[in-house]
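Input: a single structure, listed below in C-alpha cells.
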Amino acid sequence: MSVKRRGFLKGSLAATAAAAIAPSLLAAQAEGSKPDVWVIHGKDKEKLMAKCLEIIKSQGGFGKNIKTLALKINAAWAREPETGANTDPVLVSAFLAGVKKMGITDILMPENSCASPKESFTKSGIEEAAKANGVKMIDLKTKGDHFRKVKIPGGESLKDVEVAKYFMDSDAVVNMPVAKHHGGAKLSMAMKNWMGAVKDRGYWHRNNLHQCIADFAEFMKPTWTIIDATKTMMANGPQGPSKNMKYPDLLILSKNQVAADAWASTLFHDSPDNVLYIKLAARKGLGPSRLEDMNIHKIEG
Amino acid sequence: MVSRTVGKIRLLTRLFCLVLFTGFLLAASLPQLSRILPQSGVFALTASFISEKNISFPALWLILPGLFILAAVLRGRVFCLWVCPMGTLFSAASKYSLKWQLLRWNIAGTVFWAGIFSSILSVPVFLFADPLSQFTRLGLPLNGLLIPATFIPLAFSLALLLLHFIQPMIWCSKLCPLGYLAKFLKRDKTRLLSKFAKERRELIGGIVVGIPLALCAKKLGTFQRDKSAGKYPLLPPGAVRTQRFSALCMRCYACIKVCPSGILTAKFPHNADAGSWFAPEMDADKGACGQYCVECNRVCPTGAINFLEEKAKQSLQIGVAHVRRGACLAWTDKEYCMVCHEYCPFGAIDIDESPDGIPRPVVKEELCRGCGACQYACPAKRDGKAIIINGVERQNFLHAG
C-alpha cells in the first residue's frame, strides 16, 4: 500500500508544478476555495482530540486503504509535559487510540531528538503514551538504516536532504507538533517540526534556516497537521522551562501546514509575516500566510 | 603446602571470582557493580583519606575493605590467593613462564611506601598500581571503548602480564603494594622484631623514592613552559578541582565506561603536571553532560568523582561556555542559528538582536553549568565550534534559578 505515497513522492520529485502540490491543495484549488483551518477550543485534552478526529473523519479521514501511518510528534527535549517543550502526551495517547479505532494499526513514531533520546522520550511522557497504545517510538539516533536521501523540488537553500524513510514509506503522514517560542526560528510549530525528521539539522542552520524550513515544506506535505496549542511557551523556547506560559487550550487542525502555522503564529505575534519561514513558504505558493485566505472554523471541543 | 583438595577449591574460587568480576565489568545494566572490585581493596578507600584527610563513603562501602583488613590481620594474603582477579591472570601466565630471574629482590614494600608518600603529594602512584584498578581498567576495551589515551595505562597492565611469561609471579611476590599491605597487616608475634627492622628499611626506601618522584612529577611544569597554564581541564561533575581529582583518581576508567553521552574520555598529557596525566576528562565535542545523569558519580570507587544527587548535580557549575564570535554563524555569517540557545538546558544563553534582526548568542556565565550541550550541538564548521566550554578552577554550586 506504500506504493500510493511513493508514487506521490515520485510526482513531487518530478517537480512539475502540478505534481508538487499536495492532494489537499489540489482539492482546495479544484473547489476554488481557501484551505480549511479548524481551531478547536477546550480544556479537556481527550475531548479536544476526540473532536479533532471527528473532523478528520468527516473530511475523508487519512485517505483510502490506509494501512500505515507515520506520526511526527515533537519529543525533542528532556522536559516534562507541563513545560510545553514537546507535544502533550495526553493528546498523543488520545490520537493513537483514536487512529487505532479507525482501523489503522501500523503506526510509526520516528523522532530525531535534540537532547538524549532516552531522557527526551521518557521525560516528555510520549514514550509511555506510545507504549500504552502498543506503538513503538523509533529513535532515529540509533544505528541503523533510517534515512534516505531525497531531492527537494524547487529547493533554494535545501537542494537535497536525508529524511527518515518512514515518512516516505507510509500511506499517511501526520504532523503533530507543539507551538512554542524558538530562539533561532522565532516560533516552532508545524514546518519547523520536520527538522526532527532529517539527519543533518546543522546544514539548515548554516544555510539560511528559514529558507530551508520553507524548502522542506515543499517536499514534505503531511496528510494532516495538528498543532498542540493547549499550552504555549512564550519565551526561552524551544526547550524552556519558561515562566512565561500561556494556556490557549487550542488544537489547530488543517491539511495545509502553512495555513496551520500562520494561524498558530497569531497566538504569539500580530502577523504571520513576522515569522520569516511562513512568509517564504507562502511566497512559494505552499499555502496562505494571511488569515483572510483561509476558511477558519472555530469549534468548541 | 596446601593440600590437594584445598588447592582445588581455591582454584575454583579464583576462577569464580575472575568470571564474576569480568561479569561486573561487562554488566552494562548495573554499572555500579564495576565499583565492587576496586572497592574491595583498601587503596580506593585510603586515597581520599591520604589526599583529602577525610573518608567520604557511605558506610556500606566500608564493609568490603573491612573484610580485606580483617582477613589480612588474621591470615595475611588471603585476598591475593583467593580473590584477586589480576593475581589469577598472573598465575595463569606464570604457568607457562620461562622462569628467568629479572628481579631478584622483593621491592613491594618500597613500592608501597613510595606510593603512599607520593600520594600525600597528590601523585596517585599507588592507586595506579593497585591491581584492582588495573583490572577495572580492562573494562574499557572489554566494552569496545577504544580511547587512544587510555592505551598507555592499559599497556602497563598488559606489560605486567607479559612479564609473567618471563619471570613467574614477579608482580605478586616482588612488586604488588596491595599484597605487601596484606602481609604487613598480619602480625606475627614470634618474629616481630626482625620484621620491624625490615619494615623500617622499606619505609625509608619508600620515602627516599616516593617523595622525590612526586616532587619531580609535580614540578615538571617549572622546567618546561606549560601551555595550559591558567586553563583548567573540564572535569566530570563532582571532581571539584584538578589537583584533588588527579590525586584521588585510580585511572580505572569506570566512569568513562559508564558515561552514556560519551563526553567523558581521556586525553594524552597536555599539561606539565604529571600527577594529572591520563585522568578522565570531558570533551564536549563528543557529547553533552546529561542534565539528569549521575552515572559517573555512582561508579567512582575512590570518591575522586564525588557522589552527587541529581538535584545537586544540576546546580553544579563544572565549566563556563565561551562564544567565539569570529566562528559564529549568527555573529559572523548573519545566519538565524541560536542552536546553543536552543540546546542549553539552563537558559544560560541570552539573545542579542543585531540591527538587522538576527539573534546572536551571549553567555550568561552566572547560569552556565558547563554541561557542553551548546558546544556539542553547535553547527558551525568553517572555523570549528563557535562555542566552547572552559573548565573552572573549582566546581561550584550555583544558587541562581
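The values are calculated or read from the model by the stated rules, or taken from the named source; none is laboratory data. Values in this document were obtained by computation on a predicted structure and should not be read as measured data. Cβ sites come from the backbone with ideal geometry, for glycine too, and all protein chains shown count toward neighbours. With ligands, DNA and RNA removed, areas are computed over all heavy atoms of the protein, side chains included. Shrake-Rupley method; radii C 1.70, N 1.55, O 1.52, S 1.80 Å.
Computed quantities for the displayed model
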read-out	value
Whole-number accessible area per residue in Å² for the stretch B:242-397, which is evaluated in the context of all protein chains at 1.4 Å	37 Å²
Estimated buried accessible area (total), pair A and B, 1.4 Å, Å² to nearest 100	1700 Å²
Chain B: relative contact order as a whole-number percent, Cα under 8 Å and 6+ apart	17 percent
Alpha-carbon Rg/Rh ratio, for the protein assembly as shown, with Rh computed the Kirkwood way	1.09
Radius, Kirkwood style, for the stretch A:174-237 when every pair of distinct Cα atoms is counted (Å)	12.3 Å
Residue-averaged beta-carbon neighbours from other chains (10 angstrom radius) around B:374-381	3
For chain B, alpha-carbon Rg relative to the globular expectation (2.2 N^0.38 Å, N residues)	1.11
Carbon + sulfur, % of accessible area of chain B - ligands and nucleic acids excluded, 1.4 Å	66 percent
Packing-based order for A:66-72, B:108-114, using average beta carbon neighbours within 10 Å, highest first	B:108-114, A:66-72
Convex hull (Cα only) mean projected area of the stretch A:39-125, reported in nm² to one decimal	6.0 nm²
Distance histogram in 5 Å bins (all Cα pairs of the stretch B:242-397, percent per bin)	2, 10, 17, 20, 19, 13, 10, 6, 3, 1, 0
Number of partner chain Cβ atoms within 10 Å, mean per residue of B:331-342	6
222 nm mean residue ellipticity, helices alone, for the protein assembly as shown (DSSP H n ≥ 4; -39,500 (n - 2.57); rounded to 500)	-11500 deg cm²/dmol
Nearby aspartates and glutamates by direct alpha-carbon distance to A:K67 (threshold 20 angstrom, same-chain neighbours under 8 apart not counted)	A:E54, A:D106, A:D169, A:D171
Histogram of C-alpha separations across the stretch A:229-272, 5 Å bin width, %	6, 22, 24, 28, 16, 5, 1
Among the listed pairs A:K64/A:K192; A:K149/B:K364; B:K267/B:K381; A:K180/B:K334; B:K8/B:K186, those beyond 30 Å (Cα-Cα)	A:K149/B:K364
Partner chain coverage, peptide B:348-361 - average Cβ within 10 angstrom	1
Minimum 50 Å² accessible area buried by the other protein chains, the stretch A:86-133 residues, probe 1.4 Å, relative to alone	A:E119
Relative contact order (%) - criterion: Cα under 8 Å, at least six apart; region: the stretch B:84-158	29 percent
Dimensionless Rg ratio for the stretch B:11-222, taking C-alpha atoms and the 2.2 N^0.38 Å reference	1.03
Inter-probe distance in nm under a simple model that places probes 7 Å from Cα toward Cβ, at B:D188 and B:S315	5.6 nm
